[in-house]
1. Starting with the highest mean, order 42-50, 66-74, 7-15 by the number of other Cβ atoms within 10 Å, averaged over the residues of each peptide.
2. May I ask you to derive the FRET efficiency for residue 48 and residue 112 from their Cβ-Cβ distance with R0 = 22 Å, giving the value to the nearest 0.05?
3. If you count, for each residue, the other Cβ atoms within 10 Å and average over each peptide, how do 89-95, 22-28 line up from highest to lowest?
4. Could you give the length gained on full extension between residue 36 and residue 63, defined as 0.36 nm per residue of separation minus the Cα-Cα distance, in nm?
5. How far apart, in nm, are two points set 7 Å out from the Cα along the Cα-to-Cβ line at residue 82 and at residue 121?
6. How much length is gained on full extension from residue 70 to residue 8, taking 0.36 nm per residue of separation minus their Cα-Cα distance?
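Every read-out reported here was derived from the displayed coordinates using simple, explicitly stated rules and does not represent laboratory data. Owing to the predicted nature of the structure, the values given are computational and were not obtained by experimental measurement. Cβ sites come from the backbone with ideal geometry, for glycine too, and all protein chains shown count toward neighbours.
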């Protein structure tokens, strides 16, 4: 396996990676704050951010897939090189889901800590 480069990972995912990173960091920080302070109003904010992040991940992934398929719309019969490019494009199209999936997993985990702490009071 090659060495991982976050910059290359972000570039491969396209422009949609930036809103995912922004919403993900804000949602993660908000969930951490809720886990620490556990105020119920904060939980609603975390939930709405999580849903926004989910929609952003779906949109960025679908946009990337559409770009790959648009490239192959007018392509002649596939040969080995074209199939290789198709699979490379599909790999890059999964980058938004990979980045967003990290946040979509960690945010509810941190929120669960806040819910637990709130119930323990």
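1. 42-50, 7-15, 66-74
2. Efficiency, from the Cβ-Cβ distance: 0.80.
3. Sorting 89-95, 22-28 by mean packing, highest first, produces 22-28, 89-95.
4. 6.1 nm
5. Label at residue 82, label at residue 121, 6.3 nm between them.
6. 20.1 nm
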